[in-house]
1. Quick one: grab the alpha carbon gyration tensor of region 1-98, order the square roots of its eigenvalues as a ≥ b ≥ c, and give me rounded if a/c is under 1.5, else prolate or oblate depending on whether a/b is larger than b/c.
2. Using the Karplus curve 6.51 cos²θ - 1.76 cosθ + 1.60 with θ = phi - 60°, work out ³J(HN,Hα) for each residue of region 186-196 in order, rounded to whole Hz, and write x for Gly and Pro.
3. Say R0 is 41 Å: what FRET efficiency, to the nearest 0.05, do Glu181 and Ala97 get from their beta-carbon distance?
4. Please report, as a whole percent, how much of the solvent-accessible surface of region 42-152 comes from carbon and sulfur atoms (probe radius 1.4 Å).
5. Sorting check: for 151-160, 195-204, which peptide has the highest mean count of neighbouring beta carbons within 10 Å, and how do the rest follow?
6. What are the residues whose amide H is under 5 Å from the amide H of Gly58, where those residues sit 5 or more places off or on another chain and H is modelled from the backbone?
7. If each of Ala169 and Thr64 carries a label point 7 Å out from its Cα toward its Cβ, how far apart are those two points in nm?
8. By per-residue mean of other Cβ atoms within 10 Å, what is the highest-first order of 163-174, 41-52?
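The values are calculated or read from the model by the stated rules, or taken from the named source; none is laboratory data. If you're wondering where the values come from, they're calculated on a predicted model, not measured in any experiment. Don't worry about glycine lacking a Cβ; one is built from the backbone with ideal geometry, like all the others, and counts go over all protein chains shown. Just the protein is used for accessible areas: all its heavy atoms, side chains included, with ligands, DNA and RNA removed. Shrake-Rupley method; radii C 1.70, N 1.55, O 1.52, S 1.80 Å.
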Amino acid sequence: EFNCEKFEDRLENGIKLILFNRPNTPIYIRGILKAGSCFDVKGKEGLNHFLEHMLANGSSRFPTKDKLAEHIESVGGTYGLATSNELMWVNVEIADATDIDRAIDVLDAILVNPLISYEKIENERNVILSEIGRAEAQPERIIYKTVLESAFVDSPFSHTPLGYKNTLAIIDHKDILLQKEKTLVVENITFIVSGDISIKLLKEKLDILIIPKQQVSKTEINLDTPTDGVTRHVTFNSEQTFMFIGFKGTDYFSGAGGRQRPRGRIR
């Protein structure tokens, strides 16, 4: 029989916490950050995705990503990060509550004390350039990129999280450090957890994370949806034909000026 009880609370620092308590299941923690590609600095598209890569490089306690991975994987756990158009998130999974300290160690290494060293920037830049190269070889990814650039022209949603080769080339150590300071703050984070753990223990452990409050002004973005009726054709050497038919959906995240995105795909 499936049992699930939902709890909502806040940590001492004000971060919202949502727990789906599910007896006899592994514990999955997702830290959601308001830091998607729509918050990239104009002219430096791909900055938040670059930041994501740097956050996964370890900390002073775990000076390499391999040591950080070994710390969680040695108890059968995993962790990972990702960036979308609207969000960045870090996931940590452990077998049961007895390993919660390992999960907190990983969250601390990523969200509180990431090792963003100058020396590792070029390596991650090359990794992302390889990602862009692979994306440029996939028809569906090319079409989606074209949809964003056409339907959301001159808006923060006009580019994919990867950014562009030319903007990636000018992102430097200072840019990433500044973006980290703007991003890793209480106001930008929500924790959503599922598994066999009490809300009391979860709060006690997450409260260990010393996450600062926002010290810089909020990034203002234009959420207006632009052009209607746009048609674009992209030639690609493929035996298949890919078509994306997009239309404005309902408000995504409610509120005035809600974000809207094109939807639909035919292959």
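1. Oblate shape, in that a/c is at least 1.5 and b/c is the bigger or equal ratio.
2. Karplus-based 3J(HN,Hα) across region 186-196 equals 3, 5, 9, 10, 9, 9, 10, 10, 10, x, 8 Hz.
3. Efficiency, from the Cβ-Cβ distance: 0.80.
4. Within region 42-152, the accessible surface is 50 percent carbon and sulfur.
5. Highest to lowest by the protection proxy: 151-160, 195-204.
6. Result for Gly58 returns Leu115.
7. If labels sit at Ala169 and Thr64, their model points lie 3.1 nm apart.
8. Details: 163-174: 14.7, 41-52: 21.5.
Averaged packing, sorted descending, gives the order 41-52, 163-174.
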